[in-house]
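For reference, the structure is listed below as structure tokens.
No value in this document is a laboratory result; all are computed from the given coordinates. Since we're looking at a predicted model, the values are computed, not measured. Every residue, glycine as well, gets a Cβ built from its backbone with ideal geometry; the counts of neighbours run over all protein chains shown.
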Amino acid sequence: MMIKFRSVNRDALLRMTLVLLLSFAAGGAVFAQKNREMVVYLKSGDVVYGRILSQDSTGNRQISNDCGIRMLGPEEIDHIARGGFRRPDVKRSGYYNHSAVALLLGEGMDGFQPKPSLTMVNGWHWTQRIFTGLGIGYEHFGRGVLPLFAESKIMLGAESLSPFLSFRIGYSFPVEKQTSTDYYSIVSDTYGGIHLNPEAGIRIATGGMNSLVISIGYHYQELSYRENNFNGWNNYSKEVFTNYNRISVKLGFIFQ
């Protein structure tokens, strides 16, 4: 026998989350756009920040910043990108660690039930904008679970203040056993399930190679358990599935 519970108003929750994701990303992009300056990456490995005053037909450019005006030739320049309202002190590529704490907000069978979430991702950023890694965490949905997941993160800019999109997919393993629901029932097995977490957020450079990250997203978790009922006249066994649909509000740091 199989019984499957689904959270109430899941479609409404999905629509609201989508609106929040789009608004969060768009708002961050507009704010970052208003504060951009040019960032000139040199073949020597140096980076020059400022406004481009002029460019001639041979590719020479005049750059103005707090240090004055500098002339750069095409043989010195690797590429040019938009900058931010302050210096983006981040590496072009390399190792990163993303550690975060979150609240998972939503309506359960017993009313409003915020759930805690702690996660840590170790990975590699291939450019200043593309991040991929593997993560582990701890979350509690009435019982503790251990999510293992893959993460991909796309920064929508290389500035000190940059919006980003993120997606996590994986599987959560139970670390605590489901308790029996009544006197005549015994839970024989507790199972994990699929873990999904798309998000949008803002990365804020905090100096050095590190950044503060704030995000909001949709969090889906499926869990189940097998329950055996022995009441003397109607013995049965059933597998009970619970689908948790939550809005995640997350605060974390990226260390590079």
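Quick notes
- Set LYS43/LYS153; LYS177/LYS250; LYS115/LYS250; LYS115/LYS238 screened for pairs whose C-alpha atoms are more than 21 Å apart: LYS43/LYS153; LYS177/LYS250; LYS115/LYS238
- Here the gap between ARG226 and LEU146, fully extended at 0.36 nm per residue and compared with their Cα-Cα distance, gives a gain of 26.9 nm.
- In plain terms, the chain from LYS238 to ASN122 could stretch by 37.9 nm, reckoned as 0.36 nm per residue minus the Cα-Cα distance.
- Per-residue Cβ neighbour rank within 10 angstrom, fewest leading, LYS238, LYS153, LYS250, LYS115: LYS238, LYS115, LYS250, LYS153
- Region 123-172 pair-distance distribution - Cα-Cα, 5 Å bins, rounded %: 5, 19, 22, 19, 14, 11, 7, 3, 0
- As a rough footprinting exposure proxy, the listed residues THR119, THR132, THR179, THR58 were ranked by other beta carbons within 10 Å of their own, and the order from fewest upward is THR58, THR179, THR132, THR119.
- Ranking LEU72, GLY50, VAL40 by how far each Cα lies toward the positive end of the dipole of region 38-82 (charges on Cβ) leaves GLY50 at the top.
- Per residue, the Cα convex hull of region 38-82 amounts to 64 Å³.
- Sorting VAL47, VAL213 from the fewest to the most surrounding beta carbons within 10 angstrom yields VAL47, VAL213.
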